[in-house]
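Beneath this line is the structure, given in structure tokens, with notes to follow.
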């Protein structure tokens, strides 16, 4: 399984040394200190410390340490600290890793990300590992263009149907809905859940919702069927929410415009709702140079 090929998984040998270096440095340090400490401890020659990947131009050794740190964070051996400081967790203080154990950690996370993306197990983990290593050679862990982790929409699309329904219920609760009730799937009649929203001390809005994990367009007839259920349901509600990880056809959007009881929430809006309240996501601030600003100083 994912044996070394031309040194491609070489970075895994630094997971243990990063833990050791942090212990030697008192439990926390900046990347520069760790790089120097490991370089001196293992007597690494200057050509190793200054070597760059031929394709990306990224400094190889520093990038490998950065990715080692990222996997240690995922393993909860390091704190997900900010401001450029790496710090041991309580678990990390008591953990030592061999290169083999580091490699096993790498394969574990390759499999996790693979399953989250595809929603199923696949035997070709070597291929996935090679793809991840190639990405790591081209980007740093904090680079917004690195796509090792599945996107939020990919994770949502690969939840179980019941799991997605319960998660939608949790999302509505975060948006101040109350009395969330997930129906029994065999008796829901097309309704996955009910909820109420207190508009003010005098008025409550009753809603029901349906959750569809789609990777493409929800057929317009599904929207029409939902309206039919909404009109014939024995429970009186003021609003019907149709929530999907996919998108809706233009015809469905036109139907929604003419039906004030229907609200369509597509994948883009769903992701926006998760991000707005920080549910199941970690926010990151990425600073990019404002080229317009610097242009005024280029020719002075």
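Packing around the peptides 242-250, 55-63, taken as the average count of other Cβ atoms within 10 Å per residue, puts them in this order, highest first: 242-250, 55-63. Derived from the Cα gyration tensor, the three semi-axes of the equivalent ellipsoid of the chain are 47, 22, 20 Å, largest first. Compared with the dominant principal axis of the Cα atoms in the chain, helix 161-174 is inclined by about 90°. I'd like the orientation of helix 15-24 relative to the chain: the angle between its Cα long axis and the longest Cα principal axis, in ° from 0 to 90, rounded to 10. Between helix and principal axis, roughly 70 degrees. When peptides 11-17, 199-205 are sorted by average Cβ neighbour count within 10 Å, with the highest value leading, the order is 11-17, 199-205. Region 40-114 and region 178-243 have Cα centres separated by 46 Å. Sorted largest first, the principal axis extents computed over the alpha-carbon atoms of region 156-277 equal 39, 30, 30 Å. Equivalent ellipsoid of region 10-149: semi-axes from √(5λ) of the C-alpha gyration tensor, largest first, are 24, 19, 14 Å.
Just so you know, all these numbers are worked out from the coordinates, no wet-lab data involved. Computed from a prediction, not measured in an experiment: that's the story for all the values here. FYI the Cβ positions are ideal-geometry reconstructions off the backbone, even for glycines, and counts take in every protein chain you see.
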